[in-house]
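What follows draws every value from the coordinates through simple rules; no lab data is involved. Since the structure is predicted, the reported quantities are computational estimates derived from the model, not experimental observations. Please note: Cβ atoms are built from the backbone with ideal geometry, for glycine as well, and neighbour counts cover all protein chains shown.
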Amino acid sequence: MAGFSRWFFAEYESSDYLTRRKASLVFIFALAVIVLLNMGVILSFIFISIERGVGFLQSAIPASIFCFIAMYYLKKGRLELSSNVFVIFCSLVVFVGLFTKAAHVGLVTMVYFMFATMIFASAFSTRVVASLIYGTYIVGLFAFYFLHAHEVEGKLAEALKIGLIDSTAALTLSYVVVMMTITSFNKAIESLDVEKNKTIHQIEVMKNLHAIIEDISNKMISISELISNKLKDFLQNIQEQASAVEEITASTHEVSNGFGSVNQNVNKQYNALKKLFDTINALAQEIDLLKSQSVQISQAFESIRTITKKGEDAIRIVNENAKTLLDSSGKLTSIMNILQDIFDKIQLLALNASIEAARAGEAGRGFAVVADEVNKLSEQSVMSLKEINVNIQSNIHSVETSNTGVATIVNLFQDIVNTLNAVSAGMQDIFKHIDNQEKIKEEIQAQVAGSQTLSEQIAEDTNRHNEIITEISNSIASINTLIQNNMAVAEDISETSQDLSNMGKDLLRKVKEEV
């Protein structure tokens, strides 16, 4: 039965519930009319008379045909046409059947079928069709009465008149009820249509809302995944920066240790220059003594040779110290270049740190301030390195000048030896050389005094740079601490982003389950 119902009402699967129920009722009433009329025919033949059965059959056959026609249109999906065919043709059968009956039978039997068709009209037809049927029945009743009024007399005529009045009143009352029913039914249908439209609208809104929620969930998942990927890159950059900071810290410690060695070398050079200055002063005193005692040159010849030997040794020491100073200055220049490269890297690192801090937003503000301070400190260190380099170059120039003077002294001492060996050449030459030595002595004293001043400045600068390197090392340690803190914050943000992604996936899953 269920299979037959699905086959017969296949055209109404996409219709609303009210239309499907109305189609089912039309089918049931049409089938009931066919069954009941044919059962009435059979029962009339059995229990009443053949004549009554034949009369019933005359009404049952056309009514059954019209019901089959209505069922045919119903199967095709023409519900309204099927309903009108069913009601109109049933009414037509009743109307025709009325005039086929005898005067004393028509109003007694067919009026009940009129009520049934009026009920059908209220359930399945419009007010126009119901009004048409009602008008046809009223006209038929009066026509039937006037056709048979002269055929009957007495009580039968009275009964015919009363039947006309009662039938007319009953049909009129049923018509009013039918019209009210159709009106109420139409209003109910309109209300149902309005509610259906509202429901459809709400369903569409819910679908749109589900789509919006699904889209938001997808966006949440995409954004959280994007944030997670960005945070992974950010963590990787922070780890690389932490490694770079550790390398810079190690390099800074090495530079600090190098500055300590440079400071020691500068102190040694200062002490050597001080000794050289004392030696030069002693040599000057000896030359003054030689000049004042030139009368006794012969007797002091051996003393002069001894002093000359000491002078040669002192000059040799000066020469060696000058070479040592030049070598140390060259090493110091190399160290300055290394520091210059380190501070350039520090500036580049500070710039990268500022960029990453700007990307981090509020969380990277403190890191940006520290990066800016490191950049400023690096720039100050670069300026100080340039000043040290200038001082070192000046020191190298002074030492080279001193070497020139030392070479001159060596030549003079050789001349002295030659003069002493050729003392017979005359004391005038000795006095001349003594005068020259006096001048050279003054130049050497001036050069040594300048070298002493430069050594003191280098020592002070070296100490100051050592302090700066210590401060830089401390700042880098602070930067490393901030980087570690940023790594912890970034990991927390990454976990929060993962939770957001999971929430978006749960929301998307729930939305799909609701849909």
Requested in this report: Could you work out the per residue convex hull volume over the alpha carbons of region 30-147, in cubic angstrom?
Outcome: 85
Report task. Any chance you could check the Cα centroid distance between region 31-52 and region 307-337 for me, in angstrom? Result -> 147
**Report entry** Near-label residues of region 322-352 by backbone N, under 18 Å of a point 7 Å along Cα→Cβ of VAL390
**Finding:** 333, 336-337, 340
Report task. Give the order of HIS148, HIS201, HIS433, HIS253 when sorted by the count of other beta carbons within 10 angstrom, beginning with the fewest. Result -> HIS201, HIS253, HIS433, HIS148
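Rank these for me by crowding, THR496, THR199, going from fewest to most other beta carbons within 10 Å.
Ranking THR496, THR199 by Cβ neighbours within 10 Å, fewest first, gives THR199, THR496.
Taking the beta-carbon count within 10 Å as an exposure proxy, list MET487, MET39 from fewest neighbours to most.
So the residues, fewest neighbours to most, are MET39, MET487.
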Report summary line: Scoring only Lys, Arg, Asp and Glu (+1, +1, -1, -1) among other residues with Cβ under 15 Å from the Cβ of HIS148 yields 0
Query raised in the report: Under a Cβ-Cβ cut-off of 15 Å, what is the net charge of the residues other than SER328 that fall near it, where Lys and Arg count +1 and Asp and Glu count -1?
Result: -1
Requested in this report: Starting from the Cα-Cα distance between ILE46 and MET206, subtract it from 0.36 nm times their residue separation and give me the gain in nm to one decimal.
Outcome: 51.2 nm
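I need the calculated FRET efficiency for the pair GLU467 and ALA407, taking r as the beta carbon distance and R₀ as 41 Å, to the nearest 0.05.
Computed FRET efficiency for GLU467 and ALA407: 0.55.
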Requested in this report: Quickly work out the GLN457-to-GLN414 label distance, labels modelled 7 Å from Cα along the C-beta direction, and quote it in nm with one decimal.
Outcome: 3.4
Query raised in the report: Using the beta-carbon distance between THR168 and VAL54 and R0 = 22 Å, what value does 1/(1 + (r/R0)^6) give for FRET efficiency, to the nearest 0.05?
Result: 0.15
Query raised in the report: Residues of region 336-360 with amide nitrogen under 18 Å from the 7 Å Cα-to-Cβ point of GLU373?
Result: 346-347, 349-355, 357-358
